[in-house]
Amino acid sequence: MQHSQGTKRSKRFLESRAPKLTEDVKSAMIMKGGNTSRTITQALKDIYSLKKPNAVLYKKKNITRPFEDSTSLEFFSKKTDCSLFLFGSHNKKRPNNFIFGRLFDFHVLDMIELGIEKYVSLSEIKASKFPEGTKPMLVFAGEAFDTDNEHRRLKSLLIDFFRGPTVPAVRLAGLEHILHFTAIDGKIYMRSYRCLLKKSGCRTPRIELEEIGPSFDFVLRRTHLASDDLYKLAHKQPKALKPKKKKNISHDAFGTKFGRVHMQKQDLSKLQTRKMKGLRKRRGEVVTEEQEGQAPKVAKVES
C-alpha cells in the first residue's frame, strides 16, 4: 500500500517512519486494561517517569487481552511508532499484573507476564530524584538470567525497555541512576538507586547508593516467546552497519589491539652488529684473500 506524498508535512512524516540504518530510540506504550487497581495505576505512572521522554502514557482504559488478541496493541504501535509496550491489569485470577512486551515490524515478538507481590512507589521513598531522561545503568544478578531460557529473554526485554539512547561518550557525573534486577527463588526483585559520588581523599570518588524507588517484587507468570528463527531475524543487522574485518588485527578480552606485521626473510650475514675494540683485527694480522692463495715468496740470495 503506497501513500501519496501530497504535502511537505506528509512527506516528512513518511520519511520519519521509513526504515533507517540507525534506528531511532525505542519508545514504549504504557497502558492499562479494562480492570485495574490503585497499585497498577500508580505503578504505571512510576514506570513512565523512569522511561520519559521516550514513552507514551495512555490514561484511558483499553479493554483488551494481549495473550488472546494482540491486534489492538499492533494498531497502537503503528499509530505511535512504538516498538515496546507495558500493559497493566488486575483481576481475581491474576491480581496486579504487568505484561512487558516488544514488537518487530509492528507484530508482537515477545511478551512476558509478571505479577506484583510487593510495591513501593516513588512518592513513598523520600529522597532526591534524578533528572528526567537520565540514562540508567542496568545490573542483573542471579544465575537464572544466564541459565534459564525465559529469564534470558526477560533480561533481554528489560534491557530493551530501560536502556535509553545510545551515547558516544559517558560523563562520570552523569552515572547517577542504577536499576538493579535480582532473580532468586523464582522471584525477580527490581530496585532503583541513585549513585552518590563522595570525597575519598584520592582521585577516584567513593560511591554510595541511595534507594529512590520505585521498588517491585515480581513473580513470573505467563510467557509468549518468539521462535528462534524469528528472534534471529529481529536481531539481524544491515551489512552497512557491520564493521569491516581488518586483516592481521586482533583484540584480547580487555580490548587491547594487536597487529601482525609480515616481513621478508632476513640475510643475517649482512646484519650490522655492535662494534667492539676487542674484536678488531690488528694491522699485522690483516691478510687479503689473494695473498692467502699465493705461494710464499723466497728471498733472492746474491752469489
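Using a simple spin-label model with pseudo-atoms 7 Å out from Cα toward Cβ, SER156 and GLN266 lie 5.1 nm apart.
In terms of accessible area, using a 1.4 Å probe and ignoring ligands and nucleic acids, LYS232, LYS247 rank largest first as LYS247, LYS232. Of the residues ILE63, ILE188, ranked by 1.4 Å probe accessible area with the largest first, the sequence reads ILE63, ILE188. Ligands, DNA and RNA excluded, the heavy atoms of HIS262 present near 130 Å² of accessible surface to a 1.4 Å solvent probe. Charged side chains reduced to their Cβ positions (Lys and Arg at +1, Asp and Glu at -1) give the chain a dipole of some 1300 debye around its Cα centre.
Per-residue ellipticity at 222 nm from helix content only, as computed over the chain with -39500 (n - 2.57) for each DSSP H run of at least four residues, stands at -6000 deg cm²/dmol. Would you mind telling me which residue in LYS275, LYS198, LYS52 has the biggest mean-square fluctuation in a Gaussian network model of the chain, where springs connect alpha carbons within a distance under 10 angstrom? In the Gaussian network model the winner is LYS275.
Counting only protein heavy atoms and a 1.4 Å probe, tell me what percentage of region 81-152's accessible area is made up of carbon and sulfur. Roughly 50 percent of what the probe reaches on region 81-152 is carbon or sulfur.
Probing with 1.4 Å while keeping every protein chain in the model, the per residue accessible area of the chain equals 74 Å².
Between LEU196 and LYS93, the modelled labels are 4.7 nm apart [label points 7 Å from Cα along Cα→Cβ]. Can you classify region 102-258 as rounded, prolate or oblate using the Cα gyration tensor, where a ≥ b ≥ c are the square roots of its eigenvalues, rounded means a/c under 1.5, and otherwise it's prolate if a/b beats b/c and oblate if not? Oblate. A probe of 1.4 angstrom, applied to the heavy atoms of all protein chains, finds PHE104 with accessible area near 70 square angstrom. Only protein heavy atoms count here; under a 1.4 Å probe, CYS195 has an accessible surface of about 20 Å². Label region 32-164 by shape, choosing from rounded, prolate and oblate, from the square roots a ≥ b ≥ c of the eigenvalues of the Cα gyration tensor; if a/c is under 1.5 it is rounded, and otherwise prolate applies when a/b is larger than b/c, oblate when it is not. Rounded, since a/c falls under 1.5.
Here the gap between LYS242 and GLU68, fully extended at 0.36 nm per residue and compared with their Cα-Cα distance, gives a gain of 58.9 nm.
The values are calculated or read from the model by the stated rules, or taken from the named source; none is laboratory data. Everything numeric in this text was worked out from a predicted model, so none of it was measured. Methodologically, a virtual Cβ is constructed for each residue, glycine included, from the backbone with ideal geometry; neighbour enumeration extends over all protein chains shown. Areas reflect the complete protein model, heavy atoms only, side chains present, ligands, DNA and RNA absent. Shrake-Rupley method; radii C 1.70, N 1.55, O 1.52, S 1.80 Å.
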